[in-house]
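Undergrad: After the structure tokens below, expect a handful of questions from me.
The values are calculated or read from the model by the stated rules, or taken from the named source; none is laboratory data. These figures come from a predicted structure and were not determined experimentally. We place every Cβ from the backbone using ideal geometry, glycine too, and count neighbours over all the protein chains shown. Side chains are part of the model used for accessible areas, which takes the heavy atoms of the whole protein and leaves out ligands, DNA and RNA. Shrake-Rupley method; radii C 1.70, N 1.55, O 1.52, S 1.80 Å.
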Amino acid sequence: VDECLSLLPTVRALDAEEQHRQLFDAQSEAIFEIQRQRGNALGLFWGATNGLTSFCRALALLMGGLLALRPGSSMSGVLVTAYLLYLDMVVRGAADLGEDWSCAMEALGAGETVLSVVSAEKTAKSGGRSL
């Protein structure tokens, strides 16, 4: 931060304020776009996860309830409840696994980006001088 602030008089002296403002705006716009895409992906993931979970529970309760209420059925409320509890454990485990996978993929993507930035040898040229 101190280095960037100490360069402000140089930027001003070279009359490059507008150029640096445009660079800042471009980088801010790129970051905003990445975060927007990430937000859309997370919203879709969590919407699908929660929607599928709720749908499975409702379907299991409906089917188990209909079987338990059928005359002469060997299915009881205890079995329906046990089934719902097991279903809930399986669905939550699958959701946790999906979340862990998502975090792992995000970490791998970030690691790949860091390695590509570190390995790249880029120099900014300004007025014939390397900065």
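Undergrad: So Tyr86 clears everything in (1) open to solvent by 100 Å² or more (accessible area, probe 1.4 Å); (2) among the hydroxyl-bearing types (Ser, Thr, Tyr); (3) over 30 Å from Ala41 (Cα atoms) except one condition, right? Which one?
TA: (3)
Undergrad: So which pairs qualify, if the first residue must be in region 62-90 and in contact (Cβ under 8 Å) with a residue 24 or more places away in the chain and closer than 25 Å to Asn50 by Cα, the second must be polar (S, T, N, Q) and open to solvent by less than 80 Å² (accessible area, probe 1.4 Å), the Cβ gap must be under 9 Å, and the two must be at least 6 apart or on different chains?
TA: Asp88/Thr53
Yes/no matrix, rows are residues, columns are (1) modelled with pLDDT of 85 or more; (2) not basic (Lys, Arg):
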{"residue": "Asp25", "(1), (2)": "yes, yes"}
{"residue": "Ile34", "(1), (2)": "yes, yes"}
{"residue": "Arg38", "(1), (2)": "yes, no"}
{"residue": "Leu61", "(1), (2)": "no, yes"}
{"residue": "Leu79", "(1), (2)": "no, yes"}
{"residue": "Tyr83", "(1), (2)": "no, yes"}
{"residue": "Leu97", "(1), (2)": "yes, yes"}
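Undergrad: When region 19-39 is examined, which residues are found to be within 21 Å of Glu106 (Cβ to Cβ), open to solvent by 90 Å² or more (accessible area, probe 1.4 Å) and within 19 Å of the chain's Cα centre (by Cα)? Reasoning before the result, please.
TA: We begin by selecting, within region 19-39, every residue within 21 Å of Glu106 (Cβ to Cβ); these are 27, 30-39.
Adding the requirement that they be open to solvent by 90 Å² or more (accessible area, probe 1.4 Å) leaves 27, 31-32, 34-38.
Passing the criteria: Ile31, Phe32, Ile34, Gln35, Arg36, Gln37, Arg38.
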